[in-house]
Amino acid sequence: MQSIAHALNSHHREKQEYCPDHGQYTAIYTWLGDRWVGGGCPHCLDAQRQRQRREDMEQRRQQRTQTMIRLAGIPERYQDASFEAFDAEADSAVRVREACRRYAETFPERLQNGTNLILSGGVGTGKTHLGCAIARYVIAAHQRQARYATVSDAVRQVRRTYDRTSEQTEQDVFDWLAGLPLLVLDEVGAQTGSEHERMVLFEIFNRRYSDMRPTVVISNLGCQDLTQILGERVIDRLLEDGTALAFTWASYRSGKR
């Protein structure tokens, strides 16, 4: 036992050292191969480990964010959509932009309460831009999966399940759409209005309402016309503790032309 202890002690040394940041400390050196190693300030070493841990966590967060944005279905044109990049010239546009920003910033509360948001107004007024900005913010800031889709996208996904070679069922698609923490559904009211499309929309909204999942609805129609398309029952559920924002200013695209 004494020989083992002697061997261990012969490979370790303690020495009083001085750290400019933390003052005097006991340095521990270990004989490794042909030289003594170690002796660093334990406080500096601990700070370095914590800093490395934070950097590793931030790197994993960024990788997770990139993966979720890639899966969000955001169109190429709106990949960089943000609230800062939204061209708000009219006072009403500023108010709408800030309302969308608050919705995104407080999304954990919206998710808990299942709060919906309707963005309605004329073409070219920036509805899709702000919808995608909300989705990107929710992913980056809150690490919650968001998904952008048009009504046509959702209907096509459901119809694909009717193919005998499909590996998904209709129920699988509805479960996925209903389970997303945030769904940004664009072009509501622009569809053909077939019975199948109304069924798909009703199933999506009904399931998300029951599961208290927030939905951002984007439409070129006003609330009255939207009610005729979706029905009073759906609109009532969307606006239960929800908000409708009207994009009343002129089209940015026509201004550019």
Going by a 4.7 Å Cβ-Cβ cut-off, which cysteines of the chain have no partner at all?
-> 100, 132, 223
For the charge dipole of the chain, defined by +1 on Lys and Arg C-beta atoms and -1 on Asp and Glu C-beta atoms about the Cα centroid, which residue among 239, 210, 85 has the Cα displaced farthest towards the positive pole?
-> 85
Treating only the Cβ atoms of Lys and Arg (+1) and Asp and Glu (-1) as charged, compute the dipole magnitude of the chain about its Cα centre; round to the nearest 20 debye.
-> 460 debye
Under 1.5 on a/c is rounded, so check that first for the stretch 171-257, then, if it is not, pick prolate when a/b is larger than b/c and oblate when it is not; a ≥ b ≥ c are the square roots of the alpha carbon gyration tensor eigenvalues.
-> prolate
Determine the relative contact order of the chain: mean sequence separation of Cα pairs under 8 Å and six or more apart, normalised by residue count, in whole percent.
-> 22 percent
For the stretch 18-57 and the stretch 194-257, compute the distance between their C-alpha centroids and round to whole Å.
-> 59 Å
Taking the Cα centre of the stretch 15-130 as origin and charging only Cβ (+1 Lys, Arg; -1 Asp, Glu), how large is the dipole, in debye to the nearest 20?
-> 380 debye
Row for the stretch 2-64, column shape: gyration tensor on C-alpha, a ≥ b ≥ c, rounded if a/c < 1.5 i.e. under 1.5, prolate if a/b over b/c, else oblate; value oblate
Within the stretch 151-203, DSSP-loop chymotrypsin sites (Phe, Trp or Tyr not before Pro) with at most 14 other C-beta atoms within 10 Å are 162
Considering the values (1) 1, 7, 13, 18, 21, 19, 12, 6, 2, 0, 0; (2) 1, 5, 10, 14, 16, 15, 12, 9, 7, 4, 2, 2, 1, 1, 0, 0; (3) 1, 5, 11, 13, 14, 11, 8, 5, 4, 3, 4, 4, 5, 5, 4, 2, 1, 0, 0, which represents P(r) over Cα pairs in 5 Å bins from 0, in percent as calculated for the structure under consideration?
-> (3)
Within the stretch 32-134, list the GluC sites (Glu not before Pro) lying in a DSSP loop whose Cβ has at most 16 other Cβ atoms in a 10 Å radius.
-> 84, 89
Among the trypsin sites (Lys or Arg not before Pro) in the stretch 122-219, which ones are in a DSSP loop with at most 12 other Cβ atoms within 10 Å of the Cβ? Mind listing them?
-> 164
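Any read-out appearing in this document is the output of simple, stated calculations on the displayed coordinates, not a laboratory observation. These numbers come from a predicted model, not from an experiment. No Cβ is skipped: glycine too gets one built from the backbone with ideal geometry, and neighbour counts run over all protein chains shown.
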